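The values are calculated or read from the model by the stated rules, or taken from the named source; none is laboratory data. Since we're looking at a predicted model, the values are computed, not measured. Virtual Cβ from ideal backbone geometry, glycine too; neighbours counted across all protein chains shown. The area values use the complete protein model at the heavy-atom level, side chains included, leaving out ligands, DNA and RNA. Shrake-Rupley method; radii C 1.70, N 1.55, O 1.52, S 1.80 Å.
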Amino acid sequence: MGNVVQLRSGGVGLLIAVDGSAQPEIRYWGTDLGELSAGAASAAALGVLGGIPHAVPDQLPSRGLVPGPADGYRGRPGLSGFRRGSSIAPLFTLTSLDHAAADGDVPARLDVVCDDVLAGLRVHSELLLDRHGTLRIRHTVINTGEDDFEVSGLAVVLPVPPVAQEIADFTGKWSGERAEQRLPVNQGAWTRENRRGRTAADAAYVTMVGTPGFRHRDGRVWAAHLAWSGDGVTWVEAQPDGTRAIGAAELLEPGEITLAPGEGYATPWVYAVCSVDGTDGISRRFHRTIRDRDSHPSAPRPVVLNTWEAVYFNHDLDTLGRLAEVAADLGVERFVLDDGWFGGRRDDTTSLGDWVESADMWPDGLGPLVHRVRGLGMQFGLWVEPEMINLDSDLYRAHPDWLLADPRRLPGPSRHQYVLDVARPEVSAHLFDQLDRLVKAHRIDFLKWDHNRDPIVPVHAGRGGVHEQTLAVYALLDRLRAANPGLEIESCASGGARVDLGILARTDRVWVSDCNDALERQSIQQGTRLLLPLELMGCHVGPPTSHTTSRTHDLSFRAATALFGHFGIEWDIASATEDDRAGLAAVIALYKRVRSLLHSGDLVTVDHPDPAALVHGVVATDRSLALFCYVQRTMSRFESPLPATIPGLDPNRTYLVERLAPTGGPHLRERAPAPWVRAEPFRSTGAALGAVGLAVPILEPEQALLLEFTAVD
Ligand code: DGJ
């Protein structure tokens, strides 16, 4: 065979076979194999191929970078589309290949251009393997023919080895986002399609495939995430010959992308990582790569007070001013005024689109509140939902034709609202002007950018509109940020429905879920942090009795849950008890002390043998410090708790182990304390803590124990 290009960086390697004029093919993606001689690389790349079975073409199928039926590939094709009146299965040949090895922080890179002269198509493939071993890959198809080419689909397809036999991805719902689901790899394709017009609560999120039973800390795993906020599809597909692949693509409506001669269409970036140490290894790579982005928030994540569950639509200056005073007193750093401040908005039936202060609620505008908030030393944030419109709004009365819909067949309302066609230049110009005016007028530090309905048959310029809408929203966000340096934006969508690395390229955090019930949040946050580092995850302490589930939880459990994120409060603290306020002040002080660790360290999740317990934490990258949380989800079936092992520490160092009281005092309902908990903090080694673990008290359900580990040698 011809050449084998090796891409190596961050402990990961790819072998890409370049055989004559054929489209290059990824033969291996996994742990770095070291620098191989040409012969060894060739042998390794050949090692994954089997013999030619009966009843198939006389040559081995190839899985080129953009595989298709013309080169014998029998899976879902990488590219599909047609020209008016004719179709052709593309067969690409290599035109150019440009390869650069990793150099310090500069990723290893492979740029491949392939052509199919007969089909009039060119594909440009870009692969970047960064210093953390994260592969970013996308393809661009260019129409080199003489008439229009309609793209039906263009996918990133990555091979995984036959040892990958179990799939895990996510599903969910409002207030129950990112719930993991598992199934075995069988022959055929497991596909997850999102056709809801934006990333959804039930999106696949991260598609993983790994060795049977892979867990948090063991098993080989391969994972991919589509960095896109519109419709998408991801899949795991296994062939009769045992080969298998992960695929990811934007989902396109017929006629949505038509390329005139010379035009191109690029897939979203796909982030792909692999791990030999379970899903924590997957998170480590994702998190480190995300933290390396130029746009990643670098200032300490401020403590937030969000007004939603405190006052809902009942806005008045005195109430909000009092809330701000109590918040500032407790140490809150950012005050966010949620829905209800604009137009005639007294409930959710009206005024979306009218982004001007409500004259009767705010006769002097937002100025007096903003002034008060700033006077108390806090930043000011504001809720908006720019992509939406109510039929009862001045905007709709002026521009009834601005809806993202077929005017002949409007979809039904959802939360009484409709979607604006942001891809129309006059619509995005209008939104930019309104938002820019607001941000500048009040020097707004933060926008909570909501999106509360699925578009449902979104039509732009007479055809499927999700692609254009998504790009237009990205452009609007980019323009607003460029015009207002320092402005931070949160991606919210009925809670955590728009959580992806496409929107996060131009926003600073996501609202993880509308469910502030700490027990539910433990699972929702666990799913979310697989991809996202904690500093991007909005996590708030809600009121004692949850507004979404009516469960009541102690402040300590709510606090220990919200600590593992970008911490905030969403509760009418002006009417909270003195004890609760004192507890909140203590939690806020603790968050400020530990946020630099939580927002820079590595995630550790324990494979605890008792399903009643969840043990997770963050270990500093130099392993000098760690914070863990032992969560008693339900009653255990064991008489006393099984020891909690604490992996991820430096086995050769000694740690001081301290139990923290997040709300300032003794707080847990313990049936029987663990022996050491009665005594002073104790010392142990990373090796002993990782292998033997430590004893925990018998806790009643829905309690959490916080443990801090400080290296002392
Ligand atoms: C949905 C969000 O998820 C909530 O946090 C809140 O902002 C409401 N919308 C306001 O309408």
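Name the residues in region 131-145 that are farther than 13 Å from residue 24 by Cβ and either open to solvent by less than 10 Å² (accessible area, probe 1.4 Å) or modelled with pLDDT under 95 (or both), would you?
133, 134, 135, 141, 143
Residues in region 689-700: is at least one buried (at least 21 other Cβ atoms within 10 Å of the Cβ) and farther than 23 Å from residue 217 by Cα?
yes
Can you tell me which condition residue 479 does not meet? The list is (1) over 25 Å from the mean Cα position of the chain (by Cα); (2) in a helix (DSSP H, G or I); (3) farther than 18 Å from residue 198 by Cβ, and all the others hold.
(1)
Any idea which residue in region 414-446 is farthest from residue 464 (Cα to Cα), counting only those that are over 26 Å from the mean Cα position of the chain (by Cα) and part of a loop (DSSP other than H, G, I, E, B)?
443
Looking only at region 163-174, how many residues end up being part of a loop (DSSP other than H, G, I, E, B) and either among the aromatic types (Phe, Trp, Tyr) or open to solvent by less than 40 Å² (accessible area, probe 1.4 Å) (or both)?
3
Can you name the residue in region 366-383 that is surrounded by 15 or more Cβ atoms within 10 Å (Cβ to Cβ) and in a loop (DSSP other than H, G, I, E, B) and is also nearest to the chain's Cα centre (by Cα) among such residues?
So, considering only residues that are surrounded by 15 or more Cβ atoms within 10 Å (Cβ to Cβ) and in a loop (DSSP other than H, G, I, E, B), the one nearest to the chain's Cα centre (by Cα) is 378.
Take the residues in region 523-545 that are open to solvent by 10 Å² or more (accessible area, probe 1.4 Å) and among the polar types (S, T, N, Q), then tell me which one is nearest to residue 617 (Cα to Cα).
526
Going residue by residue through region 623-640, is there one that turns out to be touching a Gly at 6+ places or on another chain (Cβ under 6 Å) and of a type in the set (A, V, I, L, M)?
Yes, the conditions are met somewhere in region 623-640.
Please find, among 47, 11, 2, 72, the residue that is out of contact with any Lys or Arg (no Cβ under 6 Å at 6 or more places or on another chain), over 21 Å from residue 245 (Cβ atoms) and either among the hydroxyl-bearing types (Ser, Thr, Tyr) or without any contact (Cβ under 8 Å) to a residue 60 or more places away in the chain (or both).
2
Restricting to region 313-334, what's the tally of residues that are away from the ligand (no atom under 16 Å from the Cβ) and assigned to a loop (DSSP other than H, G, I, E, B)?
4
Of all residues in region 389-398 being part of a loop (DSSP other than H, G, I, E, B) and open to solvent by 60 Å² or more (accessible area, probe 1.4 Å), which is nearest to the ligand (Cβ to nearest atom)?
Going through the qualifying residues, I end up with 392.
Among the residues of region 2-14, is any part of a loop (DSSP other than H, G, I, E, B), open to solvent by less than 50 Å² (accessible area, probe 1.4 Å) and farther than 29 Å from residue 104 by Cβ?
yes
Can you tell me which residue among 386, 297 is more than 12 Å from the ligand (Cβ to nearest atom), closer than 15 Å to residue 445 by Cα and assigned to a loop (DSSP other than H, G, I, E, B)?
When all the criteria are applied, what remains is 297.
Yes or no: residue 45 assigned to a helix (DSSP H, G or I) and either aromatic (Phe, Trp, Tyr) or surrounded by 21 or more Cβ atoms within 10 Å (Cβ to Cβ) (or both)?
Yes, satisfied.
Is there any pair with a first residue in region 335-363 that is on the phi > 0 side of the Ramachandran plot and more than 13 Å from the ligand (Cβ to nearest atom) and a second that is part of a loop (DSSP other than H, G, I, E, B) and open to solvent by less than 10 Å² (accessible area, probe 1.4 Å) whose Cβ atoms are under 7 Å apart and which are 6 or more apart or on different chains, and what are they?
Sorted first by the residue in region 335-363, then by its partner, the pairs are 343/351; 343/358; 343/393; 353/393.
Before we move on, is residue 524 part of a helix (DSSP H, G or I) and within 14 Å of the ligand (Cβ to nearest atom)?
In short, yes.
Go through region 475-489 and report how many residues are free of Cβ contacts under 8 Å to residues at least 60 places away in the same chain and closer than 21 Å to residue 455 by Cα.
The qualifying residues number 2.
Each row is one residue, and each column tells you yes or no for (1) in contact with a strand residue (DSSP E or B) (Cβ under 9 Å, 6 or more places away or on another chain); (2) in a loop (DSSP other than H, G, I, E, B); (3) over 29 Å from residue 571 (Cβ atoms); (4) of a type in the set (Lys, Arg).
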| residue | (1), (2), (3), (4) |
| --- | --- |
| 589 | no, no, no, no |
| 595 | yes, no, no, yes |
| 611 | no, yes, yes, no |
| 623 | yes, yes, yes, yes |
| 631 | yes, no, no, no |
| 637 | no, yes, yes, yes |
| 641 | yes, yes, yes, no |
| 648 | yes, yes, yes, no |
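Tally up the residues in region 23-42 that are of a type outside the set (Asp, Glu), assigned to a loop (DSSP other than H, G, I, E, B) and farther than 17 Å from residue 135 by Cβ, please.
Counting residues in region 23-42 that are of a type outside the set (Asp, Glu), assigned to a loop (DSSP other than H, G, I, E, B) and farther than 17 Å from residue 135 by Cβ gives 4.
So residue 576 passes all but one of these: (1) over 25 Å from the mean Cα position of the chain (by Cα); (2) within 21 Å of residue 534 (Cβ to Cβ). Which condition number does it fail?
(2)
Tell me yes or no: at least one residue of region 547-568 is part of a loop (DSSP other than H, G, I, E, B), in contact with a His (Cβ under 7 Å, 6 or more places away or on another chain), closer than 18 Å to residue 175 by Cα and open to solvent by less than 30 Å² (accessible area, probe 1.4 Å).
Among the residues of region 547-568, not one is part of a loop (DSSP other than H, G, I, E, B), in contact with a His (Cβ under 7 Å, 6 or more places away or on another chain), closer than 18 Å to residue 175 by Cα and open to solvent by less than 30 Å² (accessible area, probe 1.4 Å), which makes the answer no.
Among the strands (runs of 3 or more DSSP E) confined wholly to region 210-291, which include 1 or more residues that are of a type in the set (Ser, Thr, Tyr)?
Counting at least 1 such residues, we get 232-238, 257-259, 264-266, 270-275.
Here are 193, 126, 150, 177: which of them is among the acidic types (Asp, Glu), modelled with pLDDT of 95 or more and part of a loop (DSSP other than H, G, I, E, B)?
177
Being open to solvent by 10 Å² or more (accessible area, probe 1.4 Å), within 16 Å of the ligand (Cβ to nearest atom) and acidic (Asp, Glu) narrows it down to one of 406, 445, 454, 436, so name that one.
One residue alone meets the criteria, 454.
Filter region 500-520 down to the residues that are more than 14 Å from the ligand (Cβ to nearest atom) and not in a loop (DSSP other than H, G, I, E, B) and list them by number.
Across region 500-520, the qualifying residues are 503, 504, 505, 518, 519, 520.
Only one of these is more than 25 Å from the chain's Cα centre (by Cα), modelled with pLDDT of 95 or more and either over 25 Å from residue 482 (Cβ atoms) or in a helix (DSSP H, G or I) (or both): 310, 359. Name it.
After applying the criteria, what remains is 310.
Tell me the residue from 423, 518 that is in contact with a His (Cβ under 6 Å, 6 or more places away or on another chain), open to solvent by 20 Å² or more (accessible area, probe 1.4 Å) and not basic (Lys, Arg), please.
423
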